[in-house]
Amino acid sequence: MTPPLFIAVTVPCTIAARLAALGGGIPGGRQVPAENMHITLRYLGEIETMLADEICEALSTVSHSTFTLKVSGVGFFGKRRDPRLLYAGVRPHDELVMLHHKVESLLLQLRVRPRERKYHPHITLARLKGASPHRIGDFVTANNLLESPPFEIRSFALHESHRRSDGSHYRMVQEYALDNCAEGLCIVES
């Protein structure tokens, strides 16, 4: 079996540093460090090594053009009285959702069971345990208009997660470049 695996796009360092600073200071929250910030396309968990190798190879066949994202707003998962995770949203995410669908379709071909939850792209800021619902509500209200400059997504990657006493640490297994072609027109970069 592998360590827990996930497929994600990386958040640029400048955006991640800004978000990491924002996610600190919540009592009852474990802040996500900037180097761990990402937008998950698909969580796989622990899987058989042979299937992991097949997935790693098959992901290289995913074809998708580069696209631009923007962080927009904050929110939380869990019940209002018991929030579990504080996140930053992403917008616009049509291209991100299309990339997610391509990855999901490929995984179905490899007989990986689909996720039952609807895809909700986000960047985790902090994991919450015993955080004051009132303080989380105040944080969301104060930061709901958060917006980042647009940033380009040029690749996605397969990562493995390792739990340690100081939190999770991620290791990139393989990175997959996105095409610089949109609708048959290639963009030449200088």
Review point. From the residues in the stretch 78-102 that are touching a residue at least 40 places away in the same chain (Cβ under 8 Å) and touching a Pro at 6+ places or on another chain (Cβ under 8 Å), which one is farthest from residue 122 (Cα to Cα)?
Key: 81
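Scan the stretch 36-53 residue by residue and report those that are open to solvent by 80 Å² or more (accessible area, probe 1.4 Å) and either at pLDDT below 95 or touching a strand residue (DSSP E or B) at 6+ places or on another chain (Cβ under 8 Å) (or both). Reasoning before the result, please.
Within the stretch 36-53, the first condition is being open to solvent by 80 Å² or more (accessible area, probe 1.4 Å), and the residues that meet it are 43, 46, 48, 50, 53.
43, 46 - these are the residues of the stretch 36-53 that are open to solvent by 80 Å² or more (accessible area, probe 1.4 Å) and either at pLDDT below 95 or touching a strand residue (DSSP E or B) at 6+ places or on another chain (Cβ under 8 Å) (or both).
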Practice item. Name every residue in the stretch 134-172 that is in contact with a His (Cβ under 6 Å, 6 or more places away or on another chain) and over 18 Å from residue 123 (Cβ atoms), in order of residue number. Key: 162
Exercise for review: Scan the stretch 117-138 for residues that are in a loop (DSSP other than H, G, I, E, B) and either surrounded by fewer than 19 Cβ atoms within 10 Å (Cβ to Cβ) or not small (Gly, Ala, Ser) (or both) and report the count.
Suggested key: 8
Exercise for review: Would you be able to tell me the number of residues in the stretch 141-179 that are under 16 Å from the mean Cα position of the chain (by Cα), in a strand (DSSP E or B) and among the charged types (D, E, K, R)?
Suggested key: 4
Review point. Taking the condition of a type outside the set (D, E, K, R), touching a helix residue (DSSP H, G or I) at 6+ places or on another chain (Cβ under 9 Å), part of a strand (DSSP E or B) and closer than 28 Å to residue 32 by Cα, does residue 71 pass?
Key: yes
Exercise for review: May I ask you to say which residue of 4, 33, 12 is open to solvent by 30 Å² or more (accessible area, probe 1.4 Å), within 21 Å of residue 121 (Cβ to Cβ) and at pLDDT below 95?
Suggested key: 33
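For the stretch 59-67, check the following and say yes or no: at least one residue is of a type in the set (A, V, I, L, M, F, W, C), more than 13 Å from the chain's Cα centre (by Cα) and closer than 26 Å to residue 111 by Cα. If you could, list the steps in order and put the result at the bottom.
Filtering the stretch 59-67 down to residues of a type in the set (A, V, I, L, M, F, W, C) leaves 59, 62, 67.
Pick out the ones that are also more than 13 Å from the chain's Cα centre (by Cα) and you get 59, 62, 67.
Next, only the ones that are closer than 26 Å to residue 111 by Cα stay: 59, 62.
The answer is yes; a qualifying residue exists.
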Review point. Just checking, how many residues over the stretch 55-67 are touching a residue at least 40 places away in the same chain (Cβ under 8 Å) and either open to solvent by 70 Å² or more (accessible area, probe 1.4 Å) or under 11 Å from residue 103 (Cα atoms) (or both)?
Key: 8
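The values are calculated or read from the model by the stated rules, or taken from the named source; none is laboratory data. Quick caveat, the model's predicted, so the values are computed rather than measured. We place every Cβ from the backbone using ideal geometry, glycine too, and count neighbours over all the protein chains shown. Protein only, heavy atoms only, side chains kept; ligands, DNA and RNA dropped before computing areas. Shrake-Rupley method; radii C 1.70, N 1.55, O 1.52, S 1.80 Å.
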